[in-house]
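Notes to accompany the following structure.
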Amino acid sequence: MLASAMLWLMLMSISLHAFAQVAGTVTQVSGPMMAKKADGKVKILSVKSEVESGDTLITEKNTYALVKFIDDSEITLKPATTFVVEKFTYQADQPDADQASFNLVKGGLRSLSGLLGKRSKEKFSLKTPVATIGIRGTFFTAEYVGAGSYTVPRSPSSPAVTPAGTTLAPGLYTSVTTGQIAVSNPAGTLTFAAGQFGYTSSFTMPPILVPTNPGLPFKPPASFSINGAGASPSTTASGKSGNVDCEVR
């Protein structure tokens, strides 16, 4: 009986591993990054590491990381970000099964739509603590500033941003480069087009349009590019090979 139970557990473990859905691959990373797996295990990620549905991705305070998904979409994570790939499903010949569900727990990201976002826009959702973001075939940034606020750096890259030293209120900040996004919560929905900036203060307050860039920095290493073409995919920013995962038990 005991032997049968152990065999059953081994088969279940193999089966769960076999059916783990690969959602994408880390193509660039500038520092420490980890993934908390659905089963609770933690892996240190590097270039060429696979990202699966159910993974919680965590970047350290100086780490930018670019993940390329199987539909050619890209998400670049900012430092000190926690991002959950709740479910990502894409097959070229099965559009009805498309799904891209993410959760930005804290920190910021830049998202570039891929094939799923072009043919199944309604199947994309990015949850945050105060609102959910939907897309219209888009290149956008989003950052959730938690309690404790955020102070704009004293050397902003553009004079059009919020003055350096300004303290930003907690909430969700968004900007759109191309396409459109729709930011929604129980208090309302607002659509933002290219060149527009948005702010949502809480789950009970509607999104609003803000006139200028609030000044949140997004400065990945020079090797990072908009479409992921840049540094060799076989090296990290330090130039060292980074294609071996380390599992933390």
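How about segment 36-65: which of its residues are in contact (Cβ under 8 Å) with a residue 40 or more places away in the chain and basic (Lys, Arg)?
41, 43, 48
What tally of residues in segment 165-183 results from selecting those that are on the phi > 0 side of the Ramachandran plot and crowded, with 17+ Cβ neighbours inside 10 Å? Spell out the reasoning first.
First, pick out the residues of segment 165-183 that are on the phi > 0 side of the Ramachandran plot: 165, 171, 179.
Restricting the remaining residues to those that are crowded, with 17+ Cβ neighbours inside 10 Å gives 171, 179.
Final tally of qualifying residues: 2.
If residue 186 satisfies every condition in (1) at pLDDT below 95; (2) open to solvent by 30 Å² or more (accessible area, probe 1.4 Å) but one, which is the exception?
Every listed condition holds for residue 186 apart from (1).
Which members of segment 125-168 meet the condition of being β-branched (Val, Ile, Thr) and at pLDDT below 85?
Within segment 125-168, the first condition is being β-branched (Val, Ile, Thr), and the residues that meet it are 128, 130, 132-133, 135, 138, 141, 145, 151-152, 161-162, 166-167.
The answer is 151, 152, 161, 162, 166, 167.
How do the pairs read when you match residues in segment 202-220 that are over 18 Å from residue 176 (Cα atoms) and touching a residue at least 40 places away in the same chain (Cβ under 8 Å) with residues anywhere that are assigned to a loop (DSSP other than H, G, I, E, B) and open to solvent by 60 Å² or more (accessible area, probe 1.4 Å), using Cβ under 7 Å and keeping only pairs 6 or more apart or on different chains?
203/186
The values are calculated or read from the model by the stated rules, or taken from the named source; none is laboratory data. As the structure is a prediction and not an experimental result, all values here were calculated from the model. Glycine gets a Cβ as well: all are built from the backbone with ideal geometry, and neighbour counts include every protein chain shown. For the accessible areas, the whole protein counts, side chains as well, though only heavy atoms, and no ligand, DNA or RNA atoms are used. Shrake-Rupley method; radii C 1.70, N 1.55, O 1.52, S 1.80 Å.
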